[in-house]
Amino acid sequence: MKIGLFIPCFMNELYPEASMATYKLLTNLNFDVEYPTNQTCCGQPMANSGCSKDVTSLAITFVNNFKKYDYIVAPSGSCVTMVKEHYAPFFEEDDKDYNKVKTSIYEITEFLHDIIKPENLDFSNISFPHRVGLHNSCHGHRALGLGSPTELNVPYNSKLENVLSLVPNIELVELNRRDECCGFGGTFCVTEDAISTAMGRDRINDHINSNVEVMTGADMSCLMHLNGLISREGTKLQVLHIAQILLGKDN
Amino acid sequence: MASHPENATKYVANDERMHWHDKALWFVREKRDKAAHGIPEWEQLRDYASTIKTHTMNKLDFYLEEFERNATAKGITVHWAKDAVEHNEIVHKLLKAKKVKKLVKSKSMLTEECHLNPYLEQRGIEVIDTDLGERIVQLRNEPPSHIVLPAIHLTKMDVSDTFHEHLGTEKGNDDPTYLTRAARASLREDFLTAEAGLTGVNFAIAETGGVVVCTNEGNADMGASLPKLHIASMGMEKIIPRLKDLSVFTRLLARSATGQAITSYTSHFHQPIEGGEMHIIIVDNKRAEFLANEKYRQALNCIRCGACMNTCPIYRRSGGHSYEHVIPGPIGSTIAAFKEPEKHNSLPFACTLCGSCTNVCPAKIDLDSQLYNHRQDLAEAGYLPKSKMLSMKVMTYVFNRPKLLDFAGFMARKIVPKLPKSLIYNKFNVWGKTRDLPEFPEHSFKELYTKMKKDERDKDDK
């Protein structure tokens, strides 16, 4: 079983630790993991800005890079959503390669939850004795279905919680607004920077008011925005990608 | 016209009011959740609503004609208006024929869309909005900031000041009961002296030829029953095929809007009152263009509950007026960008594509997809700022060249940490206005991975 590791461009440049954690989570499960080194960006920033026409060549490169793998795994719900939900206009409906990529791409926690299954996950050699707040990033949460959105009348589920709760000594904290957007939104964070900042602060305060020590999530872009505010304002709150906790950060 | 970010920046600057507005609407959203989650078949109801609306829109000509036939048979006069001007002219002609000096109106977003009030006022007719929220904003000479809660942007004290100025209430008395009684007394006078009443329409039933109006204050019933002339204005998308379809929508509407099981009044108007006249004006005003457009057609399925506004994290923090469009929020943004892209091109970007609006929508309109599509269409039509287009082109250029990207990343990691803060956090760095940049690591993941693989190979070779 061969896994292609898809690391979002900005994570490759800025978050090697969370990226490496993703890689190691998979190799620890004895998968043959390969990181195609000529991957760049899935095109999400351009597409969400209205320039999806520019994305065509990136989409084709992406599919060519990853079509040979049994699974494609990435530490980002929103980049996976981009490939799954927004690549269709660039390919013929019956494009074999794209359809394979589309159906074999997973966010890392989703992969652990749906493919490996919680009962087969073993975190007994790690411990994370902290109060943890989960920021449910919108694309992963609502588009990818990592959890049940609060708006819908559907049975409660959270793949991220299901996996995180297996970590010994972790204390998952309930937030006041379980799936409110943090205001990152790609270029939104600069074109609407006032609202973006206000939303981010509200999200952080929800964690602070619930005495959270560590904020985590499955999308580093949202966490980068939130951590930028936390760092600027000197707020006492640590931010970690979910893969870092699952790999045993602090151990 | 100001862009949404400009208006939003001003709104956010008043932190206290912004949070008060956010919390007020979040409270409504939570009430909605409770009501929606109290019905096991909620998601099925949404499916039904979407199916009924989609079916009706696909056969709209058929149902509109059926409605006209059945309404006419009940003694109601049906008029057709191609646009806002025609609508206003028809209303004016009807009022003029009866020498109407005062018109009482219940809530109708369509007449806001058509700018009916100023049109009639210029022609010497007094127009009184009788929905309490609408009356408040009318007295203040403001547009509504929400389609269900028109005065949600105002505090009790704002209302107290307005009523003190216009209705002579005590200065500084912001007791809600006191203020409501004052409005009631003043409105009662208007109901009794008006010669005509105009209502909106929530649902028009093709099978029966009647219209249904949902209110909480009973003001539509007063306006439609006391004067001898009742005019009901409706967008042509308000049609539903059968009476029994109505039950799906009445169950969804109030729960989605305010978390109530049902509105206090669900009034059916199926004929003129004794000795009176009833007229229904069916308005197109670019709805046919929506219908012809596959990407945006679903926007016509809207039942105007306002749930997408209450849940939208941007709407809650920027207020309805920041959209500068008669209907604000997610549904307003898609309608505005479709109808007048030259004016409203910033609205589809006033959104993080979080998708919450699509999930609360009782008619399951694909709101976030529509806003995503608008962005592509606006870019294609040249409405994107040149700077944004250029930066996206540059990014694409780099992303198409992995080696160049590696080099740029490498240089950034080497240089940025050595730069003085004052150089990094300049006025062009919008991110850095309120946020620190992440700490730049020494190596990229790719560098670490490549080295690790090389080490593994070297080890194997030994």
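Just so you know, all these numbers are worked out from the coordinates, no wet-lab data involved. No experiment lies behind these values; they were computed from the predicted model shown. Neighbour counts run over all protein chains shown; Cβ positions are idealised from the backbone, glycine included.
Seen from a random direction on average, the alpha-carbon convex hull of the stretch B:39-285 projects onto 13.4 square nanometres. A helix-only calculation puts chain B at -16000 deg cm²/dmol for mean residue ellipticity at 222 nm, using -39500 (n - 2.57) for each DSSP H run of at least four residues, averaged over all residues.
Once each part is reduced to its C-alpha centroid, what is the distance from the stretch A:184-244 to the stretch B:105-155 in angstrom? When both Cα centres are located, 40 Å separates them. Across peptide B:7-13, the average count of Cβ atoms from other chains found within 10 Å of a residue's Cβ is 4. For the peptides A:87-93, B:215-221, the ranking by mean Cβ contacts within 10 Å, running from highest to lowest, is B:215-221, A:87-93.
Rounded to the nearest whole Hz, the Karplus-based 3J(HN,Hα) values (6.51 cos²θ - 1.76 cosθ + 1.60, θ = phi - 60°) of the stretch B:34-46 follow the sequence 4, 5, 5, 6, x, 10, x, 8, 3, 5, 5, 4, 4, with x at glycine and proline.
Against chain B, whose longest principal axis is taken from its Cα atoms, helix B:84-97 shows a tilt of about 20°.
Taking chymotrypsin sites (Phe, Trp or Tyr not before Pro) across the stretch B:399-458, the ones in a DSSP loop with at most 12 further Cβ atoms lying within 10 angstrom of their Cβ are B:PHE428.
For the stretch B:290-380, what is the relative contact order in percent, using Cα pairs closer than 8 Å and at least 6 residues apart in sequence?
Relative CO of the stretch B:290-380 lands at 31 percent.
Sorting B:122-129, B:361-368, B:235-242, B:157-164 by average packing, meaning the other beta carbons within 10 Å per residue, from highest down gives B:361-368, B:235-242, B:157-164, B:122-129.
Estimated from the Cβ-Cβ distance and a Förster radius of 45 angstrom, the FRET efficiency linking B:ARG188 and A:LYS24 is about 0.05. Summary value for chain B: 20 percent relative contact order, contacts being C-alpha pairs under 8 angstrom separated by 6+ residues. Per-residue shielding of A:196-207, expressed as the average number of other chain Cβ atoms within 10 Å of the residue Cβ, stands at 4.
If the segment from B:LYS34 to B:GLU442 were pulled out straight at 0.36 nm per residue, it would be longer than the present Cα-Cα gap by 141.9 nm. For chain B, the longest principal axis of the Cα atoms and the long axis of helix B:243-257 meet at an angle of about 60 degrees. The mean sequence distance of close C-alpha pairs (under 8 Å, at least 6 residues apart), as a share of the length of the stretch A:146-225, puts its relative contact order at 25 percent. The antiparallel fraction among DSSP beta bridges confined to the stretch A:124-247 stands at about 10%.
Under the simplified labelling scheme, the A:ASN38-B:SER387 pair shows an inter-label distance of 3.6 nm, with each label point 7 Å from Cα along Cα→Cβ. The packing ranking of peptides A:174-186, B:346-358, highest mean first, is B:346-358, A:174-186, where packing means the average number of other beta carbon atoms within 10 angstrom of each residue.
Does the stretch B:124-260 come out rounded, prolate or oblate, given a ≥ b ≥ c as the square roots of the eigenvalues of its C-alpha gyration tensor, rounded meaning a/c under 1.5 and, failing that, prolate meaning a/b above b/c? It is prolate, given that a/c is not under 1.5 and a/b is the larger ratio. Site pair A:SER57 and B:ASP175 shows an inter-label distance of 7.3 nm when each label is modelled 7 Å from Cα along Cα→Cβ. Inter-chain Cβ neighbour count for A:149-157, averaged per residue, equals 6 (cutoff 10 Å, partner chain atoms only). The H on the amide N of B:TRP80, modeled in the peptide plane, is under 5 Å from the matching H of B:ILE282, each at least 5 residues off or on a different chain. Each of A:ILE195, A:HIS139, A:VAL239 was scored by the projection of its Cα onto the charge dipole of the stretch A:124-247, and the greatest displacement toward the positive side belongs to A:VAL239; charges sit on the C-beta of Lys, Arg, Asp and Glu.
Of all lysines in the structure, those lying under 21 Å Cα to Cα from B:LYS34, and not within fewer than 8 positions of it along the same chain, are B:LYS23, B:LYS364. With 0.36 nm allotted per residue and the present C-alpha distance subtracted, the B:GLU41-B:GLU121 stretch has 24.1 nm of extension available.
In the protein assembly as shown, the DSSP beta bridges split such that about 20 percent are antiparallel, to the nearest 5. If R0 is taken as 22 Å, the Cβ-Cβ distance between A:ASP70 and B:LYS453 corresponds to a FRET efficiency of 0.65. Judged by the gyration tensor of its Cα atoms, with axes a ≥ b ≥ c, the stretch B:400-461 is prolate; a/c meets the 1.5 cut and a/b is the larger of a/b and b/c.
Amide H contacts under 5 Å for A:ILE105: A:ILE72, restricted to partners 5 or more places along the chain or on a different chain, H placed in the peptide plane at 1.01 Å from N. Summarising the label geometry, the points placed 7 Å from Cα in the beta-carbon direction at A:ASN176 and A:SER231 lie 2.7 nm from one another.
Relative to the current alpha-carbon distance between B:LYS98 and B:LYS23, full extension at 0.36 nm per residue lengthens the span by 22.4 nm. Overall shape: prolate for the protein assembly as shown, with the ratio a/c of the largest to smallest alpha carbon gyration tensor axis at 1.5 or above and a/b above b/c.
Grab the beta carbon distance between A:ASN211 and B:ASP460, set R0 = 41 Å, and tell me the FRET efficiency rounded to 0.05.
0.25
Taking θ as phi - 60° and the Karplus parameters 6.51, -1.76 and 1.60, the scalar couplings of the stretch A:211-217 work out to 6, 6, 9, 10, 9, 9, x Hz in sequence order, x denoting glycine and proline.
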